[in-house]
Amino acid sequence: ICLYEQGDYAAALELLDEGLAHFPDYPDLYFLQGQIFWDLGMLSQARTSFAKCTRFRKAPPEYTTLEGVTSFLALENLTEVSAREGEYAAAVNYLVAAIREKPSERLFSRLTFLLRQDGRRGDEIAAFLAEKCGLDPWRVANLLFEAGEFAACLGVIDAHALPETAARLLRAK
């Protein structure tokens, strides 16, 4: 980690290879390897490293580990690798899996953006967010607003009994 933070990627990768030879069941090593490959622009190698993290359900108890290395963090990084490579459908799938592990507003906003990048618009995004992510109409309307999908946002407001004051405010915006 110190070598990575100092930017000595070659030495860090060499040490990671040595560590993985002795501890092939330590997902944090694959995760750090993936981060270095990402920083170096080696997307295929980064994808491979992050994918290896997701094959573990958890790190062995004798290892110090970062929460999410085997799940949502690795999936978020796979999302970004896929998006950088223009594979938006794959990015969406990875991000939905990350959201299932640990949902957050940041991830829902990112998902909405990726759905647009994948060529989806308005009502299709609204349906995806409601059906695949289980979001309530109020959250869907706000995400659509943030994404600039104003007609679809208004459609959700009109189709559902949203809180009147909040719906009026969103409609006014």
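The values are calculated or read from the model by the stated rules, or taken from the named source; none is laboratory data. This is a predicted model, so every value here is computed, not measured. Ideal geometry is used to build each Cβ from the backbone, glycine not excepted, and the neighbour counts take in all protein chains shown. Remember, those area values only see protein heavy atoms, side chains included, never the ligands or the DNA or RNA. Shrake-Rupley method; radii C 1.70, N 1.55, O 1.52, S 1.80 Å.
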note = Here region 82-93 yields Karplus 3J(HN,Hα) values (6.51, -1.76, 1.60; θ = phi - 60°; whole Hz; Gly and Pro given as x) of 4, 5, 4, 7, x, 9, 5, 4, 5, 4, 4, 4
remark   = So, for the Cα atoms of the chain, Rg and Dmax in Å stand at 19.6, 61
remark   = Expressed in angstrom and rounded, the centroid-to-centroid distance over alpha carbons for region 152-173 and region 44-83 is 39 Å
ask   = Roughly how tilted is helix 27-39, in degrees to the nearest 10 and between 0 and 90, from the longest Cα axis of the chain?
value = 70 degrees
inquiry  = If each residue of separation counts as 0.36 nm, what is the full-extension length gain between Glu124 and Tyr63 once their alpha-carbon separation is subtracted?
reply    = 17.6 nm
task = Treating cross-link reach as a plain straight distance, find the lysines whose alpha-carbon is under 20 Å from the alpha-carbon of Lys102, omitting any fewer than eight places away in the same chain.
result = Lys52, Lys58, Lys132
inquiry  = Quick check on the chain: helices-only [θ] at 222 nm, where DSSP H runs of length 4 and up contribute -39,500 (n - 2.57) each and the sum goes over total residues. Nearest 500, please.
reply    = -22000 deg cm²/dmol
key: Percent carbon-and-sulfur accessible area, the chain, ignoring ligands, DNA and RNA, probe 1.4 Å   = 53 percent
message = Give me the 1.4 Å probe accessible area per residue for region 7-150, excluding ligands and nucleic acids, in Å².
response = 51 Å²
query = In debye to the nearest 20, how big a dipole does the chain give about its Cα centre with +1 on each Lys and Arg Cβ and -1 on each Asp and Glu Cβ?
reply = 680 debye
